[in-house]
Amino acid sequence: MSQELRDEPPEETQERYDRKLMITSMFQGKMIVVVLNPIQAVAAEEAGAAAVIPIDGIKTAMIPKEGVDTSTTLNAINNVMDRVLIPVIGRVRAGHIMEAKAMETAK
């Protein structure tokens, strides 16, 4: 656990916890679809998906079975966000703090 989380005031911890509960209740029993491009994201939205997770298909195809997955580019995430109204979930590799911070500031 990072130092800044340990020093977080109790009310902020409760707020983060409440936000997580709200999000999980939004997605409960619904589809979250992994998509390669904005066209697939639109199709997923039309099919009733609650959210989409864009991945970079070119990078994913090159990963060996035991290899390490890569993060999706912010450009790819923004392209999907521009086309759909449902939530777009970005993901980064564990420990890549700068990638996560860049994603948080995206749109």
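Values quoted throughout were computed directly from the atomic coordinates according to the rules given, and no laboratory measurement underlies them. As the structure is a computational prediction, the values presented were derived from the model and not from experiment. Quick reminder, even Gly has a Cβ in these numbers, built from the backbone with ideal geometry, and neighbours come from all protein chains shown.
Which distance in nm do the two modelled labels at Glu12 and Ser25 give, with both placed 7 Å along the Cα-to-Cβ direction?
In this crude label model, Glu12 to Ser25 measures out at 2.5 nm.
Within 10 Å, count the other beta carbons around each residue, average over each peptide in 15-25, 38-48, 76-86, and list them highest first.
Taking the mean over residues of other Cβ atoms within 10 Å, the ranking is 76-86, 38-48, 15-25.
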